[in-house]
Amino acid sequence: MQQAVKDHARDPFQQDVWDKLAKGMRYVTLDFADDKGEDELRDALTKLDEEQGTGGNRMYYFAVPPDAIGTLVAEIAQRRGADGWVRLIIEKPFGHDLASAEALNAEIKEHFAENEVFRIDHYLGKETVQNMLAL
């Protein structure tokens, strides 16, 4: 990841800034339907809370197919801690049509308040994903 930032960043690379950012990064690969993966993610985030003092605050950026969103939302809700806040940023497409979008909204509302959920257009979200350093 460091090399990609060096190669593609718009601003000059600063090792001290990278070191601070990288200290808080974790990469966990998981299968959407595998409880073991979600447990590993929860454990990695809990460890990050202890190391970095993040207090249970979580932001999840969903750049996934619409069919995966409901599963992920339910899994995150199941493992949600009592401390901190949660924000879900869900990149469109959001469902396949009006009926599926409404059903997906209903699933999300079972677990999260509306002020915890942000829906972002795929095209408009492109800059956000490309500029993770700013995020």
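The values are calculated or read from the model by the stated rules, or taken from the named source; none is laboratory data. Here the structure is a predicted model, which means the values were calculated and not measured. Cβ atoms come from the backbone with ideal geometry, glycine included; neighbour counts cover every protein chain shown. In case anyone asks, the SASA skips ligands and DNA or RNA and just uses the protein heavy atoms, side chains included. Shrake-Rupley method; radii C 1.70, N 1.55, O 1.52, S 1.80 Å.
For region 1-53, the dipole from Cβ point charges (+1 on Lys and Arg, -1 on Asp and Glu) about the Cα centre works out to 360 debye, to the nearest 20.
Classify region 56-115: rounded, prolate or oblate, from the alpha-carbon gyration tensor (a ≥ b ≥ c, eigenvalue square roots; a/c under 1.5 rounded; otherwise prolate if a/b is larger than b/c)? Note, shape of region 56-115 comes out prolate. A straight line joining the Cα centroids of region 48-109 and region 12-40 runs 17 Å.
Let's test the formula: R0 of 25 Å, r as the Cβ-Cβ distance of LEU48 and ALA77. What FRET efficiency results, to the nearest 0.05?
On the way: r = 19 Å, r/R0 = 0.77.
The formula returns an efficiency of 0.80 here.
Along each principal axis, taking the top coordinate minus the bottom one, the Cα set of region 18-70 gives 35, 22, 18 Å in descending order.
The lysines whose alpha-carbon is closer than 29 Å to the alpha-carbon of LYS23, local same-chain residues fewer than 8 away aside, are LYS6, LYS36, LYS47, LYS126. For the chain, a/c is not less than 1.5, where a ≥ b ≥ c are the root eigenvalues of the C-alpha gyration tensor, and a/b does not top b/c. That puts it in the oblate class. Give the relative contact order (percent, whole number) for the chain; include only Cα pairs under 8 Å separated by 6+ residues. Over the chain, the number comes to 19 percent. Largest mean-square fluctuation among THR71, THR54, THR29, in a Gaussian network model of the chain whose springs join Cα atoms under 10 Å apart, belongs to THR29.
How about region 14-74: which chymotrypsin sites (Phe, Trp or Tyr not before Pro) there lie in a loop by DSSP and see at most 16 other Cβ atoms within 10 Å? Spell out each step's value before the answer.
Working: sites: TRP18, TYR27, PHE32, TYR60, TYR61, PHE62; in loops: TYR27, PHE32.
Sites meeting the loop and neighbour criteria: TYR27, PHE32.
Leaving ligands, DNA and RNA out of it, work out the accessible area of MET59 with a 1.4 Å probe and give it in Å² to the nearest 10. Around 90 Å² of this residue is reachable by solvent.
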